[in-house]
Amino acid sequence: MSARTALILAIVIALLHAGLSGYYAQITPYRQSGIALGQRGADGHPARLPDVGAPDERQHANYVQRLIDGKGFPVLGDPAEDASENYQAHQPPLYYLLGAGWSKLVGATPDDPEKGRPLRWLNSLIGASTVLGVYFLAVWGLKKPEVGVVGAAFVAFLPMNAALSGAVSNDPLLYALCTWSLAVMARALRDGWNWQRAILVAVLTGAAFLTKTTAVALLPVLLFAALIKQPKRPSLAMVGTVALVAIAIASPWWIRNQRLYGDPLAMGAFQKAFTGNPTPDTFIQPLQEIGQSPSLAKMTYWGEGVGWWTARSFFGTFGYMDIWLNENGRSDTFPAVFSKKSPQPNAIYRVLVAVMFLLFVGWLWASFTGAYKDAGAVQLLNVVFAVVVVALFLRFNMQYFQGQARYLFPALGPIGLGVGIGLLQLLRGKTIPALAGLAVLLLALNVFALARLPGEFAIRTESVSQTSGT
């Protein structure tokens, strides 16, 4: 495949992602209350939620609305604010500033159920930029446009990622900045560092710091990119400049946090505000009560809890982890899922996990047979970043149960390249069959999800209306 054809295909795929995410944005409720069928309130009935659409979207939108209203940045734990509406106040400001500007441009009112939906379109564009970032990560880092096209298609058509690009959240901007940071670092590893690339990496990294705390995963990767064997290492002056520029971009926010919370990253304030969420003991103790040993209960928590929930949410779970892509759209509630007393159909997820395993084998096969020997440093760069992201995710789940793959999506770039390499290896380099097969599989999965979601959301919102007599 020529570089020109590959680039055209990548642009088309990015535009399709924007359109697909826009469709998810259109059918997902915005600021509508309802119930969660997979959760129970104190009365034993399905839990009521102020918003059944996208996770934490209401609170992200509140942050944007506050900036539009000229009230300044919110403060986590502010007694004058409703804690349930303000728990995203610790987040760095870049996405929200962009959201405020976008809202004024398109006439969106983020806190209005009718007029707030256009705010979602911003992330459709940001998600499309992530897709292009995956393509250039492969082109610049591997010199393989065909890998970039296949990897971009996977990221673009992955249902969970498309749905996230159709919601109000700072996650898609984080994914985009991390992906483009890796792409520029990969180019520097292959073609040599210069001042232009060094400054661009610094700006992208600083912007990522101003988007979400998870961007700290870029720090060890930056160090790795400076020290690994490569044609032209960055000079000490370049390394120092990257560090100083990135810190200078983020430092005003960190200084503010230090003054407000006594912590530049506001992690202590976040943990105090996150106390109502389930912890590992919430699930491990019931397992011990039904006879499991402490070690087996922990293994069950990590395997069937964090592992299996995360694996399924990688492909797609919608609303507040309440609408699933299995055969009946529902999932077990804890701790029944662990005790295996109420097995649920999950053939679709099992097939998808099996496909990913085969692609992983294909990636290993290609990597260890020398097919990408000349891009070894870039491959290692991607692996290091993915490992750091996974480590942060596991650390989070040691404190709170959060079996959600969206916390792993900062590594969409390395994941997309792994899929592209693995699939092309298994199909002996046949790009068109690889691209067509992957697109058909994932688009069929999206059709299935988009056909299911309106009815499932209707059940969750109409139930509240019926009970309240409206």
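The values are calculated or read from the model by the stated rules, or taken from the named source; none is laboratory data. Bear in mind the structure is a predicted one, so any value in this text is a computation, not a measurement. Neighbour counts are summed over all protein chains in view; Cβ atoms, including those assigned to glycine, are modelled from backbone coordinates with ideal geometry. Only protein heavy atoms, including side chains, enter the accessible area calculation; ligands, DNA and RNA are left aside. Shrake-Rupley method; radii C 1.70, N 1.55, O 1.52, S 1.80 Å.
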Next item on the list: Using the structure shown, decide if Glu114 is more than 21 Å from Asn257 (Cα to Cα) and assigned to a loop (DSSP other than H, G, I, E, B).
Entry: yes
Checklist line | Matching option when the condition is buried (at least 20 other Cβ atoms within 10 Å of the Cβ), part of a helix (DSSP H, G or I) and aliphatic (A, V, I, L, M), among Leu204, Leu244, Leu223 | finding: Leu204
Item checked: Scope region 197-242; condition more than 23 Å from the chain's Cα centre (by Cα) and more than 22 Å from Asn382 (Cβ to Cβ); matching residues -> Ile199, Ser235, Leu236, Ala237, Gly240, Thr241
Notebook entry, point to check: Can you find a residue in region 318-329 that is surrounded by fewer than 14 Cβ atoms within 10 Å (Cβ to Cβ), of a type outside the set (A, V, I, L, M), over 27 Å from the mean Cα position of the chain (by Cα) and farther than 17 Å from Pro92 by Cα?
Noted result: no
Note to self: When you scan region 267-287, do you find a residue that is at pLDDT 90 or above, in contact with an Asp or Glu (Cβ under 8 Å, 6 or more places away or on another chain), outside any loop (DSSP other than H, G, I, E, B) and open to solvent by less than 40 Å² (accessible area, probe 1.4 Å), even just one?
What the structure shows: no
Check: Restricting attention to region 110-123, which residues are open to solvent by 10 Å² or more (accessible area, probe 1.4 Å) and either out of contact with any helix residue (DSSP H, G or I) (no Cβ under 7 Å at 6 or more places or on another chain) or within 29 Å of Gly151 (Cα to Cα) (or both)?
Finding: Asp112, Pro113, Glu114, Lys115, Pro118, Trp121, Leu122
Item checked: Pair list, Cβ < 8 Å and 6+ apart or interchain, from region 418-445 residues that are under 28 Å from Val387 (Cβ atoms) to residues that are open to solvent by less than 20 Å² (accessible area, probe 1.4 Å) and assigned to a loop (DSSP other than H, G, I, E, B) -> Leu442/Leu158; Leu445/Gly316; Leu445/Leu325
Next item on the list: Out of Leu9, Leu20, report the one residue that is over 22 Å from the mean Cα position of the chain (by Cα), at pLDDT 95 or above and crowded, with 19+ Cβ neighbours inside 10 Å.
Entry: Leu9
Notebook entry, point to check: Across region 365-391, which residue is most open to solvent (accessible area, probe 1.4 Å) among those that are closer than 10 Å to Ala411 by Cβ and touching a Leu at 6+ places or on another chain (Cβ under 9 Å)?
Noted result: Val390
Checklist line | Residues of region 288-309 satisfying the condition of being outside any helix (DSSP H, G or I) and surrounded by fewer than 13 Cβ atoms within 10 Å (Cβ to Cβ) | finding: Ile290, Gly291, Ser293
Check: For region 13-45, how many residues meet the condition of being assigned to a loop (DSSP other than H, G, I, E, B) and among the hydrophobic types (A, V, I, L, M, F, W, C)?
Finding: 1
Next item on the list: For residues that are open to solvent by 50 Å² or more (accessible area, probe 1.4 Å) and within 21 Å of the chain's Cα centre (by Cα), scanning just region 72-108, find the one that is farthest from Ser124 (Cα to Cα).
Entry: Tyr87
Next item on the list: Take Gly53 and decide whether it is in a loop (DSSP other than H, G, I, E, B), surrounded by fewer than 18 Cβ atoms within 10 Å (Cβ to Cβ) and not hydroxyl-bearing (Ser, Thr, Tyr).
Entry: no
Next item on the list: Return the total of residues in region 424-441 being open to solvent by 40 Å² or more (accessible area, probe 1.4 Å) and of a type in the set (S, T, N, Q).
Entry: 1
Note to self: Considering only region 77-91, I want to know if a residue exists there that is charged (D, E, K, R), in contact (Cβ under 8 Å) with a residue 60 or more places away in the chain and not in a loop (DSSP other than H, G, I, E, B).
What the structure shows: no
Check: Among the residues of region 442-463, which ones are hydrophobic (A, V, I, L, M, F, W, C) and loosely packed, with under 12 Cβ neighbours inside 10 Å?
Finding: Ala444, Val447, Ala451
Item checked: Hits in region 5-53 (condition: within 16 Å of Asn123 (Cβ to Cβ) and touching a Ser or Thr at 6+ places or on another chain (Cβ under 6 Å)) -> Ala18, Ser21, Gly22, Gly53
Check: How many residues does region 406-419 hold that are touching a Phe, Trp or Tyr at 6+ places or on another chain (Cβ under 7 Å) and crowded, with 21+ Cβ neighbours inside 10 Å?
Finding: 8
